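For reference, the structure discussed in these notes is given below.
The values are calculated or read from the model by the stated rules, or taken from the named source; none is laboratory data. Note that this is a predicted model, so its numbers are computed, not measured. All Cβ positions, even for glycine, are placed from backbone atoms using ideal geometry, and neighbour counts span all protein chains on display. Protein only, heavy atoms only, side chains kept; ligands, DNA and RNA dropped before computing areas. Shrake-Rupley method; radii C 1.70, N 1.55, O 1.52, S 1.80 Å.
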Amino acid sequence: MAYWLFKSEPDTFSLDDLARSPGQVTAWEGVRNYQARNFLRDEVRLGDEAYFYHSSCKEPGIAGVVEVVRAAYPDYSAFDPNSPYFDPKSTPQTPRWFAVDVKFKYDWAEIMSLSELRTYPSLHDMALLRRGNRLSILPVTTAQWRFIQSRRRARS
């Protein structure tokens, strides 16, 4: 199992939106960065877990946890001319973009904010905290995952 951090703007799609989705599952679509796409296509696997991170909001931070319930497949939003994620160069025969399905696992009573994450020396090398890293999908090491989980339990 690998661990990830998936970012979403809560005004667009929040963890609460996922919890209200049919079966509490949604396609993680619309990724239009090649490095993030490569993570989805080549490294994210069925059963992996991810932090659901609210970004570009008043208090960015980890809101909860999701599980990957369907491995990479072509992102059909790229083929839909009515979608904001439409890409005319992506076709069903040669897809350029990929999606995975994620399922709500649990939320946290309180978001673990970006500013709090920055206070922990154990997380100094976390991809999220590196300068200039704006990818919507980021790897999380097992050690980082366990540390964050331990801090979450300590705060509950």
**Request:** Calculate what fraction, in whole %, of the accessible area of the chain sits on carbon and sulfur atoms when a 1.4 Å probe is rolled over the protein chains.
**Result:** 48
**Message:** Around residue 122, under 12 Å between beta carbons, what's the net of Lys plus Arg minus Asp minus Glu among the other residues?
**Reply:** +2
**Request:** Give the shape of the chain as rounded, prolate or oblate, defined through the alpha-carbon gyration tensor: a ≥ b ≥ c are the square roots of its eigenvalues, a/c under 1.5 means rounded, and otherwise the shape is prolate if a/b is larger than b/c and oblate if not.
**Result:** prolate
**Complete:** Heavy-atom accessible area per residue of the chain, all protein chains kept, 1.4 Å probe, expressed in Å², is 54
**Message:** What does the charge count around residue 48 come to, taking other residues whose C-beta lies under 12 Å from its C-beta (Lys +1, Arg +1, Asp -1, Glu -1)?
**Reply:** 0
**Request:** Only bridges with both residues in the chain count here: give the DSSP antiparallel percent, nearest 5.
**Result:** 80
**Complete:** Quick note, the range 1-83: a/c under 1.5 would make it rounded; otherwise a/b > b/c is prolate and the rest oblate (a ≥ b ≥ c, C-alpha gyration tensor); here it is rounded
**Fill in**
When the charge dipole of the range 73-156 is computed with +1 at the Cβ of Lys and Arg and -1 at the Cβ of Asp and Glu, the Cα pointing farthest to the positive end, of 122, 102, 139, is that of 122
**Message:** 5 Å is the cut-off here: which amide hydrogens, built 1.01 Å from N in the peptide plane, fall below it relative to residue 28, excluding neighbours closer than 5 in sequence?
**Reply:** 100, 101, 102
**Asked** Which angle between 0 and 90 degrees, to the nearest 10, do you get for helix 142-155 versus the longest principal axis of the chain when only C-alpha atoms count?
**Response** 60
**the chain, helix-only ellipticity at 222 nm - DSSP H runs n ≥ 4, -39,500 (n - 2.57), divided by all residues, nearest 500** = -5000 deg cm²/dmol
